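Input: a single structure, listed below in structure tokens.
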Amino acid sequence: MTEKDTPKSTSADSNPGSNRGAANQLWGGRFASGPSSIMERINVSIGFDKRLAAQDIAGSKAHATMLANQGIIQASDAEKIVEGLDRIAQEIAAGSFTFKTELEDIHMNVEARLAELIGEPAGRLHTARSRNDQVATDFRLWVRDALDRLEAGLTDLQSAMIDLAERHTDTVMPGFTHLQTAQPVTFGHHLLAYVEMLGRDRGRMRDARARLNECPLGSAALAGTSFPIDRHAVAQALGFDRPTANSLDAVSDRDFALEYLGAAAICAVHLSRLAEEIVVWCSDAFRFIRLTDAFTTGSSIMPQKKNPDAAELVRAKSGRVIGSLNGLLIVMKGLPLAYSKDMQEDKEPVFETDDTLGLCIAAMAGMVRDLTPDAARMRAATEAGFITATDLADWLVRVLGLPFRQAHHVTGRIVKLAEDRNAKLAELSLADLQSVEPRINQAVFDVLTVDASVASRTSFGGTAPETVRAAVSSARERFL
């Protein structure tokens with residue numbers, strides 16, 4: 001999509017698309033010869049921006065209606081324009097519309113077909129606008145729809161995770177730091193951590209939607225227009241909160257696309273982390289969960305293999321989304337105001353991100369609903385790594401009144417003793433414990449079991465089953 005600050009002919013003879021030389025007529029009389037084939041190839045955008053068709057038609061209908069209401073064009077011409085645009089929308093939906101590369105972009109493809117359908121009135125549609133504000137409007141409308149799709153997908157994923165968490169509020173598993181056994185948690189608590197992350201992802205998407213919801217149409221090429229247009233009416237007709245306040249800003253910035261990509265990149269990172277955990281949990285070393293054949297594949301040479309490829313691909317595809325954000329940041333970083341052709345490169349990364357992230361969210365929701373936790377295996381894993389050592393240190397503080405740093409030191413010595421004896425903390429005798437700290441009594445054994453440890457974590461946001469059950473209810477209320 002190029003800068004379109006040259007007025008377009010409004011005569012029926014300006015029908016674009018009749019031959020290759022007609023491309024010059026799109027730009028007015030300034031050009032005497034046609035572009036080279038290489039120029040056509042690098043310049044054309046219809047191969048990807050045809051995805052803006054519905055938004056382009058909606059914007060044109062709102063613009064035409066406003067022009068008629070303001071007395072800028074005849075009401076009869078506006079009626080023909082709207083009817084023609086509806087016909088084009090039907091053709092596109094039916095797959096019978098022919099997109100022509102010589103017409104560059106979705107805007108000129110639609111306008112050319114409109115001229116074929118209704119003749120001279122089609123040339124009046126472009127009054128008081130440029131393709132600069134037209135594409136900025138179309139793109140905002142498209143990104144707005146994309147944000148709505150992503151939030152719906154994330155809501156579904158959260159629903160799947162909350163359901164699974166509710167079934168496993170009491171299922172004990174090791175919690176890790178540095179991928180080393182740290183403290184026991186419940187599987188439900190672990191899942192709800194991702195529910196919170198996805199909730200913030202949704203919040204970022206809602207914030208991005210609110211900020212982009214201003215209408216550029218009527219900003220024209222860069223300076224506004226001398227026609228007595230009603231930008232507020234167009235904004236309202238298209239569901240925007242208001243028109244953009246500055247015509248230069250409206251046509252030249254793509255921060256709404258960057259913000260979309262930024263929110264998408266953070267979301268992709270969250271999905272990648274969950275995918276990594278699924279891969280680890282499915283491994284023979286862990287075997288915390290099982291996935292069915294629906295989300296796994298086999299090996300071409302090793303018959304025993306069952307690989308969590310769906311999770312691995314979600315993990316990998318985060319790189320595409322992050323790359324799209326980086327790419328568009330680099331495109332935009334050095335552009336002077338207002339429009340530059342560089343900005344044609346804004347759409348493909350956004351379109352690809354929508355495809356990629358939408359698929360990853362759907363795949364993750366499918367895996368969450370498909371997986372089966374192995375509660376026995378999870379519990380067995382909590383027996384490794386002296387997982388209740390922190391509970392022992394807390395008991396020393398709470399019961400014996402030791403400063404925590406001293407309690408930490410005493411507990412470390414007891415862990416070393418257990419390690420030397422090849423025993424669990426709960427398997428040490430009272431005499432063993434008292435050899436390190438004489439004031440320890442029999443009551444300490446009440447906190448050394450995994451279940452006691454988990455049950456004791458009743459602080460808000462903690463892993464105690466009763467707390468997790470309350471968190472599940474809260475998550476349903478906040479997110480679903």
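The values are calculated or read from the model by the stated rules, or taken from the named source; none is laboratory data. None of the values given here were measured: they were computed from a predicted structure. With ideal geometry, Cβ positions are generated from the backbone for all residues, glycine too; neighbour counts draw on all protein chains shown. Accessible surface is based on the protein model in full, side chains and every heavy atom, while ligands, DNA and RNA are left aside. Shrake-Rupley method; radii C 1.70, N 1.55, O 1.52, S 1.80 Å.
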(request) Look through segment 353-377, keep the residues that are within 30 Å of Ala418 (Cα to Cα) and of a type in the set (Gly, Ala, Ser), and return whichever of them is surrounded by the fewest Cβ atoms within 10 Å (Cβ to Cβ). (result) Ala376
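Which one is most open to solvent (accessible area, probe 1.4 Å), of the residues in segment 447-461 that are under 19 Å from Arg379 (Cβ atoms) and either without any contact (Cβ under 8 Å) to a residue 12 or more places away in the chain or charged (D, E, K, R) (or both)?
Among residues in segment 447-461 that are under 19 Å from Arg379 (Cβ atoms) and either without any contact (Cβ under 8 Å) to a residue 12 or more places away in the chain or charged (D, E, K, R) (or both), the one most open to solvent (accessible area, probe 1.4 Å) is Asp451.
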(message) Quick test of your reading of the structure: Thr137 fulfils all but one of (1) crowded, with 24+ Cβ neighbours inside 10 Å; (2) modelled with pLDDT under 95. Name the failing condition by number.
(response) (2)
(request) Give the residues of segment 237-285 that are closer than 26 Å to Met332 by Cα and in contact with a His (Cβ under 9 Å, 6 or more places away or on another chain), sorted by residue number. (result) Arg242, Pro243
(request) Tell me which residues, restricted to segment 314-335, are under 26 Å from Leu157 (Cα atoms) and open to solvent by 30 Å² or more (accessible area, probe 1.4 Å). (result) Arg315, Ala316, Lys317, Gly319, Arg320, Ile322, Gly323, Leu325
(message) With the structure loaded, tell me whether Phe227 is part of a loop (DSSP other than H, G, I, E, B) and open to solvent by less than 40 Å² (accessible area, probe 1.4 Å) or whether it fails that test.
(response) no
(message) If I filter segment 174-187 for residues that are in a helix (DSSP H, G or I), open to solvent by less than 20 Å² (accessible area, probe 1.4 Å) and touching a helix residue (DSSP H, G or I) at 6+ places or on another chain (Cβ under 7 Å), do I get at least one hit?
(response) yes
(message) Between Ala338, Ala311, Ala380, which is surrounded by fewer than 20 Cβ atoms within 10 Å (Cβ to Cβ), of a type in the set (Gly, Ala, Ser) and either in contact with a Ser or Thr (Cβ under 7 Å, 6 or more places away or on another chain) or in a helix (DSSP H, G or I) (or both)?
(response) Ala380
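When you look at Ala475, is it in contact with a strand residue (DSSP E or B) (Cβ under 9 Å, 6 or more places away or on another chain) and in contact (Cβ under 8 Å) with a residue 24 or more places away in the chain, yes or no? Before the answer, list the steps.
Numbers: in contact with a strand residue (DSSP E or B) (Cβ under 9 Å, 6 or more places away or on another chain): no; in contact (Cβ under 8 Å) with a residue 24 or more places away in the chain: yes.
No: the conditions fail for Ala475.
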(request) Working carefully through the options Lys80, Lys100, find the one that is open to solvent by 10 Å² or more (accessible area, probe 1.4 Å), modelled with pLDDT under 95 and over 19 Å from Gly218 (Cα atoms). (result) Lys100
(request) Please give the number of the condition Leu117 fails out of (1) open to solvent by 30 Å² or more (accessible area, probe 1.4 Å); (2) in the same structural domain as Ala250 (by the TED database). (result) (2)
(request) Note down all Cβ pairs under 6 Å where the first residue falls in segment 264-275 and is under 16 Å from Glu151 (Cβ atoms), the second is hydroxyl-bearing (Ser, Thr, Tyr), and they're at least six residues apart or on different chains. (result) Ala264/Thr353; Ala268/Ser318
(request) Could you run through segment 281-298 and say how many residues are open to solvent by 30 Å² or more (accessible area, probe 1.4 Å) and hydrophobic (A, V, I, L, M, F, W, C)? (result) 5
(message) As an exercise: evaluate Val234 against (1) touching a Phe, Trp or Tyr at 6+ places or on another chain (Cβ under 7 Å); (2) open to solvent by less than 30 Å² (accessible area, probe 1.4 Å) and give the number of the one condition it does not meet.
(response) (1)
(message) Of the residues Ser60, Ser37, only one is open to solvent by 60 Å² or more (accessible area, probe 1.4 Å), among the hydroxyl-bearing types (Ser, Thr, Tyr) and out of contact with any Pro (no Cβ under 9 Å at 6 or more places or on another chain); which?
(response) Ser37
(message) Which numbered condition in (1) of a type in the set (Lys, Arg); (2) over 26 Å from Ile330 (Cα atoms); (3) surrounded by fewer than 17 Cβ atoms within 10 Å (Cβ to Cβ) is the only one that Arg206 fails?
(response) (2)
(message) Just to check your reading of the model, which residue among Phe479, Phe386 is of a type in the set (Phe, Trp, Tyr), open to solvent by less than 60 Å² (accessible area, probe 1.4 Å), modelled with pLDDT of 95 or more and within 30 Å of Met197 (Cβ to Cβ)?
(response) Phe479
(request) Filter the helices (runs of 4 or more DSSP H) completely within segment 46-144 down to those with at least 1 residues that are over 32 Å from the mean Cα position of the chain (by Cα). (result) 53-69, 75-94, 106-118
